[in-house]
Structures are given as C-alpha cells and as structure tokens.
Amino acid sequence: MSEIAKIELEGKFYEFPVITGTEDEKAIDISSLRSATGYITLDRGFKNTGSCMSAITFLDGEKGILRYRGYPIEQLAEEASFLEVTYLILKGELPTREQLANFEATIDKHTLVHEDMKRFFEAYPAQAHPMGILASMICSMSTFYPESQDPNRSKEMFDLSINRLLAKLPTLAAMVYKNAMRHPFMYPKNDLGYVENFMYMMYGMPTEEYTPSPVIAKALNKLLILHADHEQNCSASTVRIVGSSQANLYAAISAGISALWGPLHGGANQAVIEMLEMIQNDGGDLDKWIAKAKDKDDPFRLMGFGHRVYKNFDPRATIIKKACDDILDELGVQDPTLAIAKKLEEVALNDEYFKSRGLYPNVDFYSGIIYRAIGIPTEMFTVMFALGRLPGWIAQWQEMLDNNDPIGRPRQVYTGAVRRNYVPMDER
Ligand code: SDX
C-alpha cells in the first residue's frame, strides 16, 4: 500500500501521496496542494524541496556517497576515462569498447569552432574573466547553428547539438586561455585523446612540438570525472529551468556556466586559492581567519568549506586531497598553499563551530591546488569546473525534456503594499 502524508489546515485534513525513490528516499508529492488547500509551501533556497525525479546521480550527504548512474565515484575516478563517464552519464550505461570508440570518433568530427568565432576575442578587454567569455561563446553557438533553436527538431539534430557542445567546449576553453595569454590559438589535434587534445590546445605552441604529460593528463581526467555531475545543484537547476522554457541547449548551458561562476558555487575553486594566498600574505595566522569565518558580522567565509548536501564529508574532496599529494610529488612541485590548506582543514575540523554545522572541505577546497600545479591560471579554475560539469548539465537538460517536465515557474508569498490608488504628481 502506498504511503500518504496527512496535513491539517484550519481544521480540515488533506492527504498527499508519498513518493519513494530507488534508494528509499521519500518525498511528499504536493503538486495538488494549492488547488486542494489554497496554500503553497515556502522553502528559500529549496533546501527541502525536490524539483524533479532523476535517474542520473545519487548522493547521500550524510554518508558521503556519490554515484553516477549507480557507479561509485571512487571507482569511476580510478578506472574510467572522462569520455567513458560522459557516455555513461548521457546514455545511462557504460559503453562497450566499440560504443566508446564510435563516441570518440563522433566527438572528434566537431572539435573545430566556426572561424568567425575567433573575431569575438578582438572585442574583449585583455583582462576579461574567462567565464564571462565562455558563457557568451556558448550562447553564441546557437546563432552559428540556428537549427539548434528548433524545440521540435529530430533526435539526430538534438544529438548533433550535444556532440558539437561536448567537442567544442574544450576548444573554446583553450582559446579563452590563449587569448588571455595573448598567444596564438592552437587548432585541435584529433589523434589525441579528449583530455590530451585540450592540453595540446592549452599549452602547445605552433613553433614547437608538444607532447601532453601522461601524469597531468591522468590528473585532469580524474578531476573532470569528479566534477561531471552533482544532481540538482545551483547550475544544473539553472540549466533545467532555462531549458524548461524550450530555450535551446546552448542558451541553457550558457546560463549554467553563469550560475557556476558564483563564488558560492563553482567559483569557489578560484576563491579558495585567493583566500589561501591572502592568508599566506597576511602572515599565515590561521586562528585569525578561522575567527573571522565564524564571526557573523564579518563577511569572510572559509571558501571551499561547507556544502548544501554533504554534512559529513564530500567524497570528491577526499579523492582530490589524495590526488593533490600524488601529483605534487610526481611533478616535484612545492606549493606552500597546500600546507596552509591542510592546516586550515585540521584547525577547522577540530572547531565546534564547523563541526556543529557539518562544515567540511568540499570539492573546491583542494582542486585549485592541483590546477595550479599543472599550470592552469587561477581565473581558469572555474572554466575547468565547467569542462567537467558539461556532461551532467546536458544529461539533466535531456532528462527534463524526456520526462516532459513542465516549465519551471515557482510561486511566492507577497509581502508588498496592499491595493492603493494612483496619486497625481502634485499631491505626492
Ligand atoms: C559547490 O550543490 C552542489 O552540489 C554544489 C557543488 C557541485 O558539485 O555542483 O558541490 C559545487 O558549489 C561546492 C560549494 C562551493 N562553495 C564554497 O565553498 C563557498 C563557501 N561555502 C558556503 O558559502 C556554504 O557552505 C554553501 C553555499 C556551500 C552552502 O550554503 P548553505 O547550504 O546555504 O548553508 P548556509 O549558508 O545556510 O550555512 C549554514 C551555516 C550558517 O551559519 P548559521 O547561520 O547556522 O550560524 O553554516 C555557516 C553559515 O554561516 N557556514 C559557513 C560556511 N558555510 C556555511 N561559515 C563559515 N564558512 C563557510 N564556508
């Protein structure tokens, strides 16, 4: 017998169905609440509100569990390639060797961007933030491929838009970096793997041979997998709600990139390094900065700490922290901010303020240290996050359409002025 939830309002009882997910998570389906009772719910930041049913990613914040399509992140990060995980997230199953080879060949066909897109870079100021450029570039793709704007286009055309996006984001991300360095753009080399090709376009120069370091490629592959999806986070929810109006995929993903940019979300990886450098330049007095983070009157927060869902530990942070030690050892890199990060973590995790609020290092706390060790500039860190999150955003968008989810349009509780008449100008 299916469970029901009973609510009493003004002496009347109402019943609503309870939905149980495959991991025994429970939800009260309130889709008939307003028509039955005239009431709505209020939940600022949607901390207790489910927006959809999804089969892509499962996470358990209390137990520190994260799985893509049922596969534990720890196994995928260790064993799989990023395009293999991209295939899994998009299609729901791990690819056979042949399926992966065909997928890789399809992506390779679309790695070049339209030559006219190079002209955008002439207009941006030299210090333009890469995320501002990337969000614009991705939305502009819809103008170069106008057929992508047709919400009723065929499945083949849907898949073409998806494959163009997966193939061109690394090329555009590398162009953003080259533009910032005032270096010549590098064209993709499709005989390289997805990650290695990105490295070639980022670090290669037309004047010399470039061979991607397998150590760095392995670290990047792991980081991209760890960022590939995270259920209904801020940017994925943004992609869903923009896509729910039948705006095209490129516009929806561009909106996701913009949401990710915020320092409370994906922009935290840049903010963490800037925070660690600030603490280092300030003399490394950790107690001072921990006190500031705890002070309600001080806007300073411990960037890279805390999470809406993980109130124990972020499994990705555990993997990245270990990868930090490995990659810095393998590259022979000494990064003083790593020592500060580890000390900061140790002090915070023994402090009642952080423990009582379930504030632990999240995915962004250590990732920037790896990006820096492999030569990625700080302002490109969130671009790297977007590169990893792209398959998740696309899969969330696709699932929203496949499930015929309605256009997203929340209600509100009005707190403004009640009805009043217009006052002529001379009587105000
Ligand atoms: C990502 O959602 C996802 O899945 C996101 C993500 C993904 O993969 O898509 O995991 C990626 O965005 C990770 C988070 C990166 N952001 C940061 O590291 C920024 C610093 N962290 C915070 O701003 C904060 O922890 C959030 C935004 C991550 C979560 O905020 P919540 O869930 O809205 O929690 P909250 O702000 O209500 O905080 C609860 C309490 C408050 O104190 P009280 O009012 O109860 O006294 O904890 C405090 C907060 O002041 N708090 C912090 C803190 N984070 C929360 N205090 C100091 N430093 C912090 N970092």
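Here are the criteria: (1) touching a residue at least 60 places away in the same chain (Cβ under 8 Å); (2) part of a helix (DSSP H, G or I). Tell me which single one MET278 does not satisfy.
Result: MET278 passes all but (1).
Just a yes or no: is a residue in the stretch 245-258 within 16 Å of the ligand (Cβ to nearest atom) and over 25 Å from GLY92 (Cα atoms)?
Within the stretch 245-258 (the criterion being within 16 Å of the ligand (Cβ to nearest atom) and over 25 Å from GLY92 (Cα atoms)), the answer is yes, since at least one residue qualifies.
Restricting to the stretch 326-371, give me the number of residues that are assigned to a loop (DSSP other than H, G, I, E, B), among the hydrophobic types (A, V, I, L, M, F, W, C), surrounded by fewer than 17 Cβ atoms within 10 Å (Cβ to Cβ) and within 16 Å of the ligand (Cβ to nearest atom).
Count: 0.
List, please: which pairs have Cβ atoms under 6 Å, are six or more places apart or on different chains, and start with a residue in the stretch 397-417 that is among the β-branched types (Val, Ile, Thr) and end with one that is modelled with pLDDT of 95 or more and part of a loop (DSSP other than H, G, I, E, B)?
Here the result reads ILE407/SER244; ILE407/SER245; VAL413/LEU42, each pair linking the stretch 397-417 to a residue that is modelled with pLDDT of 95 or more and part of a loop (DSSP other than H, G, I, E, B).
Among the residues of the stretch 94-125, write down those that are of a type in the set (D, E, K, R) and either within 15 Å of GLY193 (Cβ to Cβ) or surrounded by 11 or more Cβ atoms within 10 Å (Cβ to Cβ) (or both). Can you show your working first?
First, the residues of the stretch 94-125 that are of a type in the set (D, E, K, R): 97-98, 104, 108-109, 115-116, 118-119, 122.
Selection gives ARG97, GLU104, ASP108, LYS109, LYS118.
Could you please let me know if LYS322 is closer than 17 Å to GLU74 by Cα, more than 16 Å from the ligand (Cβ to nearest atom) and open to solvent by 10 Å² or more (accessible area, probe 1.4 Å)?
Working: closer than 17 Å to GLU74 by Cα: yes; more than 16 Å from the ligand (Cβ to nearest atom): yes; open to solvent by 10 Å² or more (accessible area, probe 1.4 Å): yes.
Spelling it out, LYS322 is indeed closer than 17 Å to GLU74 by Cα, more than 16 Å from the ligand (Cβ to nearest atom) and open to solvent by 10 Å² or more (accessible area, probe 1.4 Å).
Exactly one condition in (1) near the ligand (Cβ under 9 Å from one of its atoms); (2) closer than 29 Å to PRO336 by Cα; (3) open to solvent by 30 Å² or more (accessible area, probe 1.4 Å) is false for LYS222; which is it?
(1)
Is there any pair linking a residue in the stretch 219-233 that is at negative phi and in the same structural domain as LEU76 (by TED's automatic domain parsing) to one that is at pLDDT 95 or above and of a type in the set (Lys, Arg), with Cβ under 6 Å and at least six apart or on different chains, and which?
The qualifying pairs are LEU226/ARG316; HIS227/ARG389.
Residues of the stretch 26-85 being part of a helix (DSSP H, G or I), at positive phi and either of a type in the set (A, V, I, L, M) or open to solvent by less than 60 Å² (accessible area, probe 1.4 Å) (or both), which ones?
Step one: list which residues in the stretch 26-85 are part of a helix (DSSP H, G or I), which gives 33-37, 44-46, 73-79, 82-85.
Now restrict to residues that are at positive phi: 45-46.
Scanning the stretch 26-85 gives a single hit, GLY45.
The values are calculated or read from the model by the stated rules, or taken from the named source; none is laboratory data. Everything numeric here is computed off the predicted structure, so don't read it as measured data. Quick reminder, even Gly has a Cβ in these numbers, built from the backbone with ideal geometry, and neighbours come from all protein chains shown. We work out accessible area using only protein heavy atoms, side chains counted, and drop any ligands, DNA or RNA first. Shrake-Rupley method; radii C 1.70, N 1.55, O 1.52, S 1.80 Å.
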